[in-house]
Amino acid sequence: MPKRYYLTTPIYYVNSVPHIGTTLTTFVSDVTARYQKMHGRDVCFLTGTDENGLKVKEAALAAGKQPQEFVDEISQTFRHIFAGMNIVYDDFIRTTEPRHVKAVQEVFRTLQKKGHIYTGTYEGWYDVSSETFYKESDLVDGKSPDGNEVRWVQEENYFFRLSAFAEPLLKHIESHAEFILPESRRNEVVGFIKQGLRDASISRANDGWGIPVPGDESRVIYVWFDALLNYLSATGWPSPGYEKLWPCDVQFMGKDILTRFHATLWPAILLGLELPLPTTLLGHAWLLIGGEKISKSKGTVVRPLELADELASMSGCKHDIAVDVVRYYMAATMPYENDSTFSYEDFYKRYNSDLANDLGNALNRSLVMAHKFVDGKMPVASAEPAAVEAIRSARSAFERSMTEFRIHQAADAAWGLVRFLNKYIDTRAPWTLAKANDPSLPNVIAAMLLCLRATEGLIRPLLPSTADAIAAQLGVEPLRSWDRIGAPDAMPHNIGLGEPKPIFPRLDLKREIMQTPQPETARPPQAATNGDQITIDDFTKVKLRIGRVLEAEPVPDSDKLLKLQVIIGGERRQIVAGIRANYQPDELVGRQVVVVTNLKPAKLRGVESQGMLLAAVDEKGGAILLQPEKEAPEGATIR
């Protein structure tokens, strides 16, 4: 039986509940697992909770609970939040589970028998918050490097001969470039090891919470030694069959726990056990809030499910789609080498620009025109070569990005195809081809639909609910095989398309015009005539937005009026306009227009009009529709 693809997150400390930073690592793992499953691989994605250690006991007692009751509740909260974020793991391990306790004690015995563990006296500073020992020289103004209070500890302990593994570790790192990613983090680890590794104290006095040292009930195993072993205990080691999982293919974590623990202590333990090392350890950077690391004590915590709830309420999108938006934000801003900063403003702007305008626009335009010009079916025609090449290029770029788990670049590769599709529609102008009875129209529509189908496949690891919604509107089953992305028959000929429905209703991010005093040169010029003048306050009462014509048809018994269906952001409106003398209905479909959106509805020839188009007047009194000089975001405000 072939080895399964095995990937892990760090197990999360249960002294508090998850936030967007915690979720980031688990999300990246989920994307990788989904991507590998689309390649047909048998995947095991492990996450879990770290429930031992002095900090956990103190947090439990502070909450007025017994440690086991406390960790049971918090561990369940992690499961709830991960499920809410549509994160699908294969195994969830807890360090209080019997399978973990058994494996940890067996690791201790094995290393002790091999001479890698000895007893001695430890004296030094201990940071309870991070459960980390520090040398005097490591302290900064009497505190740990993280700014936490430290305690002086002096006690008889068990030590692991970490120093003996410095050279083997350096040799492995230097001969396996993929072992530590990214490269900047690898350099940090090499520098840390070359400074000299000290033997690690791996036990603490038994205060009634933790895994007892086998054969010495007066001591419990140090929480970091214990926690790192979850990746091994989840395989069933040392029982036969653990090789189906071991070694890990990739282990994801934040940069703060890479150098000191995952890239030194952890592989040294494995070398001591004579087990193969993981293929890749990836230490990503931090997602900051206000330029600082996320901190519950400072109030800089963003809860991912609350963020999704807020977006769904504000925009009107479905909750599972709002969850996908949070997932997209984490993917697009993934802090790989360098930290990135979360802000609500950036989050909502990305929703409008990348999702509502780019992806939502491409989907809606394509389906509307397919219904209008090819009877709502996939044409019996081949996609044009430019679209086929764009799909191939996007898929290749996505694959290259995933070789180093650069999720942000993979997301950008998928959106590269979306941006191509919007530009392709503008360039090929299906409405013009239809008017001219151009024989290439079916090929253009086929190209548009095949691009959407490929986009569905590319975004599936990132935005699974959105991918399902796109597949439903295309009238096809979800695309779950990576090899099918871009296949000519991925969109079967003559298949009936679903009705276009906005997935991402556009947010109205209102901003006051001229909030602050403007310099003289920036003020609106004074009128040169004696006509009626208005103030800026009068002007701002008129709400102007960019809309797109989805349908157009004559109003019965009128030679002047056309009835238009116009999308303005995520809202659909019916507008009656007296432009029939200058425009044929077909040439309006797909065109952007300027709409007065806060005009009181009126009836013209018995047909309700829910807005007004802006137009100039030609020399014959006819209409010349105003439109942006280049493609504008759907629903954009005009000011």
Worksheet item: Do we find that residue 149 is loosely packed, with under 15 Cβ neighbours inside 10 Å, in contact with a Ser or Thr (Cβ under 8 Å, 6 or more places away or on another chain) and in a loop (DSSP other than H, G, I, E, B) in this structure?
Response: yes
Discussion item. Suppose we filter the range 475-502 for residues that are in contact (Cβ under 8 Å) with a residue 60 or more places away in the chain, surrounded by 14 or more Cβ atoms within 10 Å (Cβ to Cβ) and assigned to a helix (DSSP H, G or I); how many remain?
Written reply: 1
Worksheet item: Just to be sure, is residue 245 touching a Cys at 6+ places or on another chain (Cβ under 9 Å), at pLDDT 95 or above and surrounded by 20 or more Cβ atoms within 10 Å (Cβ to Cβ)?
Response: yes
Worksheet item: Somewhere in the range 2-21, is a residue outside the structural domain of residue 332 (by TED's automatic domain parsing) and without any contact (Cβ under 8 Å) to a residue 40 or more places away in the chain?
Response: no
Worksheet item: Quick check: anything in the range 187-205 in contact with a Lys or Arg (Cβ under 6 Å, 6 or more places away or on another chain), part of a strand (DSSP E or B) and within 26 Å of residue 109 (Cα to Cα)?
Response: yes
Practice prompt. Hey, can you tell me all the residues within the range 287-318 that are assigned to a helix (DSSP H, G or I) and either of a type outside the set (Ser, Thr, Tyr) or exposed (fewer than 15 other Cβ atoms within 10 Å of the Cβ) (or both)?
Written response: 304, 305, 306, 307, 308, 309, 310, 311, 312, 313, 314
Discussion item. Six or more apart or on different chains, Cβ atoms under 6 Å: show the pairs whose first residue is in the range 432-454 and farther than 16 Å from residue 371 by Cβ and whose second is assigned to a helix (DSSP H, G or I) and of a type in the set (Gly, Ala, Ser).
Written reply: 447/387; 451/387; 453/490
Fill in: Meets criteria (closer than 17 Å to residue 384 by Cα and not hydrophobic (A, V, I, L, M, F, W, C)) for residue 419
yes
Worksheet entry | Single residue of the range 605-634 satisfying the filter (in contact with a Lys or Arg (Cβ under 9 Å, 6 or more places away or on another chain), at pLDDT 85 or above and within 14 Å of residue 544 (Cβ to Cβ)) that is surrounded by the most Cβ atoms within 10 Å (Cβ to Cβ) | 611
Discussion item. I'd like to know if the range 133-155 contains one or more residues that are in the same structural domain as residue 202 (by TED's automatic domain parsing) and within 18 Å of residue 227 (Cα to Cα).
Written reply: yes
Practice prompt. Would you be able to tell me the number of residues in the range 594-619 that are in contact (Cβ under 8 Å) with a residue 12 or more places away in the chain and farther than 19 Å from residue 574 by Cβ?
Written response: 1
Fill in: Number of the condition not met by residue 534 [criteria: (1) in a loop (DSSP other than H, G, I, E, B); (2) β-branched (Val, Ile, Thr); (3) in contact (Cβ under 8 Å) with a residue 24 or more places away in the chain]
(3)
Worksheet item: Which of (1) in the same structural domain as residue 130 (by TED's automatic domain parsing); (2) out of contact with any Asp or Glu (no Cβ under 9 Å at 6 or more places or on another chain) is the odd one out, the single condition residue 280 does not satisfy?
Response: (2)
Discussion item. Filter the range 125-136 down to the residues that are on the phi < 0 side of the Ramachandran plot and either over 34 Å from the mean Cα position of the chain (by Cα) or in a loop (DSSP other than H, G, I, E, B) (or both) and list them by number.
Written reply: 125, 126, 128, 129, 130, 133, 134, 135, 136
Worksheet item: Pick from 634, 608: which is outside any loop (DSSP other than H, G, I, E, B) and either of a type in the set (D, E, K, R) or touching a His at 6+ places or on another chain (Cβ under 8 Å) (or both)?
Response: 608
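Let's see how each residue does on (1) on the phi > 0 side of the Ramachandran plot; (2) of a type in the set (Ser, Thr, Tyr); (3) surrounded by fewer than 23 Cβ atoms within 10 Å (Cβ to Cβ):
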| site | (1), (2), (3) |
| --- | --- |
| 320 | no, no, yes |
| 334 | no, no, yes |
| 340 | no, yes, yes |
| 381 | no, no, yes |
| 394 | no, no, no |
Worksheet item: What residue, of 163, 175, is surrounded by fewer than 16 Cβ atoms within 10 Å (Cβ to Cβ) and within 27 Å of residue 336 (Cα to Cα)?
Response: 175
Worksheet item: Of the residues 502, 492, which single one is modelled with pLDDT of 95 or more and either under 25 Å from residue 442 (Cα atoms) or among the aliphatic types (A, V, I, L, M) (or both)?
Response: 492
Practice prompt. Specify the residue that is surrounded by the fewest Cβ atoms within 10 Å (Cβ to Cβ); the eligible residues are those in the range 60-92 that are out of contact with any Pro (no Cβ under 9 Å at 6 or more places or on another chain) and small (Gly, Ala, Ser).
Written response: 64
Practice prompt. Test residue 346 against the criterion of being in a helix (DSSP H, G or I) and in contact with a Leu (Cβ under 7 Å, 6 or more places away or on another chain), and give yes or no.
Written response: no
Worksheet item: Among the residues of the range 214-222, is any modelled with pLDDT of 95 or more, closer than 25 Å to residue 20 by Cα, in contact with a Phe, Trp or Tyr (Cβ under 8 Å, 6 or more places away or on another chain) and of a type outside the set (Asp, Glu)?
Response: no
Discussion item. Can you find a residue that is over 30 Å from residue 343 (Cβ atoms) and of a type in the set (Asp, Glu) anywhere in the range 251-271?
Written reply: no
Fill in: Evaluation of residue 328 against (1) more than 15 Å from residue 414 (Cα to Cα); (2) at pLDDT 95 or above (one fails), failing number
(1)
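The values are calculated or read from the model by the stated rules, or taken from the named source; none is laboratory data. On a predicted model such as this, the values are computed, not experimentally measured, just so you know. Neighbour counts are summed over all protein chains in view; Cβ atoms, including those assigned to glycine, are modelled from backbone coordinates with ideal geometry.
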